[in-house]
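Chemist: What follows is a single structure, and I will ask about it in a moment.
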Amino acid sequence: MNNMRVFRREVPPLLEFRNITVLKGENKKVLDSVSVTIREGENIAILGPNGAGKSSFIKTITREYYPLPDVKGFSFKILGRDRWNIFDLRFLLGIVSNDLQYIFTRDMTGLEMVLSGFFSSVGLYKEHLSPKMKKKADEVIDFLEIGHLEHRKINEMSSGEARRFLIARALVHEPKALILDEPTNSLDLHALYKFSNTLRKITRSGVSVILVTQSLHDIIPEIGRVVLMKGGKFLEDGPKNKVLNNKNISRLFGIPLEIKVKDGYYYVLRA
């Protein structure tokens, strides 16, 4: 018998942050000693009120904000690396935010918006489009069931319709994770329903989802882990059914609240 031992190289985490502190201005801490590890394939929600530091956390992931490097125990890695070309990073992490949707509210079609994802641009470099890019865009549009809207102008779509094309734009380069920053802002009930179904379909396809929100009802059943955030700090981090309870949510939002669960969704009521 061959006694040689086979060693498997451990896959590095998608994100590995240790003691991350970010200042805005001269001394305002928007992130205060934040630590978190998120692995590929994991679906996680960052839940907190306005001003909690959630968007600052996203901007730190995308290297728009940089943490203080001279903090004890500091570590700032994405897929095991602490140095990245920003352009390369954009292809690994698909970003969906209200700011980005506002930028794209202009005279371009849904298909053009999706194709622009290949260039991480707002405009479309038509002379550089390849048949492979067009084929991939068609596949993603079909997957999200928005083909009937692909030739409509973005500035003529509803917020929910435009949001799904923004998600398609993020998915064309097959990112390791889809990062959504307050994705349901400005969506009506019908759009919320469609968005939830879209997000559930994406998680089932194997793409990790990092959902940043202030609303419990955004947290789809496929998300198994929740981090509570307030004042630039992570207060709780663990399995959804352990973290989302009356005590934690009341503390997070500063008022007495009661949690109800139905069909895998969590809802909040005044206690």
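Chemist: Quick check on my filter: what residues within the range 150-198 are of a type in the set (Val, Ile, Thr), more than 21 Å from Leu89 (Cα to Cα) and not in a loop (DSSP other than H, G, I, E, B)?
Modeler: Once the filter is applied, which keeps residues that are of a type in the set (Val, Ile, Thr), more than 21 Å from Leu89 (Cα to Cα) and not in a loop (DSSP other than H, G, I, E, B), the range 150-198 yields Ile154, Thr198.
Chemist: Looking at (1) touching a residue at least 40 places away in the same chain (Cβ under 8 Å); (2) outside any loop (DSSP other than H, G, I, E, B); (3) farther than 20 Å from Leu166 by Cα; (4) under 17 Å from the mean Cα position of the chain (by Cα), can you tell me which one Gly94 breaks?
Modeler: Result: Gly94 passes all but (3).
Chemist: While we're on this one: So Met157 ticks every box in (1) among the hydrophobic types (A, V, I, L, M, F, W, C); (2) over 30 Å from Ile78 (Cα atoms); (3) surrounded by fewer than 14 Cβ atoms within 10 Å (Cβ to Cβ) but one. Which box is left unticked?
Modeler: Tallying (1) among the hydrophobic types (A, V, I, L, M, F, W, C); (2) over 30 Å from Ile78 (Cα atoms); (3) surrounded by fewer than 14 Cβ atoms within 10 Å (Cβ to Cβ), Met157 fails exactly one: (3).
Chemist: Wholly within the range 1-82, which strands (runs of 3 or more DSSP E) include no fewer than the required count, namely at least 2 residues that are modelled with pLDDT of 90 or more?
Modeler: Of the strands (runs of 3 or more DSSP E) lying wholly inside the range 1-82, those with at least 2 residues that are modelled with pLDDT of 90 or more span 15-24, 28-38, 44-47.
Chemist: Does Met113 meet the test of being touching a Gly at 6+ places or on another chain (Cβ under 9 Å) and surrounded by 13 or more Cβ atoms within 10 Å (Cβ to Cβ)?
Modeler: It is false that Met113 is touching a Gly at 6+ places or on another chain (Cβ under 9 Å) and surrounded by 13 or more Cβ atoms within 10 Å (Cβ to Cβ).
Chemist: So, one more: May I ask you to list the residues in the range 37-63 that are under 15 Å from the mean Cα position of the chain (by Cα) and over 18 Å from Val226 (Cβ atoms)?
Modeler: Glu40, Ser56, Lys59, Thr60, Thr62, Arg63 - these are the residues of the range 37-63 that are under 15 Å from the mean Cα position of the chain (by Cα) and over 18 Å from Val226 (Cβ atoms).
Chemist: Related question: Quick one: which of Thr184, Thr213 is surrounded by 18 or more Cβ atoms within 10 Å (Cβ to Cβ), closer than 20 Å to Ser159 by Cα and in contact with a helix residue (DSSP H, G or I) (Cβ under 7 Å, 6 or more places away or on another chain)?
Modeler: Matching residue, one of Thr184, Thr213: Thr184.
Chemist: Okay, next question. Identify all residues within the range 64-91 that are more than 18 Å from Val11 (Cβ to Cβ), under 20 Å from the mean Cα position of the chain (by Cα) and of a type in the set (Phe, Trp, Tyr); write none if there are none.
Modeler: Tyr65, Tyr66, Phe76, Phe87, Phe91 - these are the residues of the range 64-91 that are more than 18 Å from Val11 (Cβ to Cβ), under 20 Å from the mean Cα position of the chain (by Cα) and of a type in the set (Phe, Trp, Tyr).
Chemist: Any residue in the range 249-269 that is part of a helix (DSSP H, G or I) and either within 15 Å of Asn43 (Cβ to Cβ) or touching a helix residue (DSSP H, G or I) at 6+ places or on another chain (Cβ under 6 Å) (or both)?
Modeler: no
Chemist: Okay, moving on. Do any residues in the range 185-203 that are in contact (Cβ under 8 Å) with a residue 40 or more places away in the chain and on the phi > 0 side of the Ramachandran plot have Cβ atoms under 6 Å from those of residues that are surrounded by fewer than 18 Cβ atoms within 10 Å (Cβ to Cβ) and not charged (D, E, K, R), where the two are at least six apart or on different chains, and which pairs are they?
Modeler: Cβ pairs passing all conditions: Ser186/Ser159.
The values are calculated or read from the model by the stated rules, or taken from the named source; none is laboratory data. Here the structure is a predicted model, which means the values were calculated and not measured. Methodologically, a virtual Cβ is constructed for each residue, glycine included, from the backbone with ideal geometry; neighbour enumeration extends over all protein chains shown.
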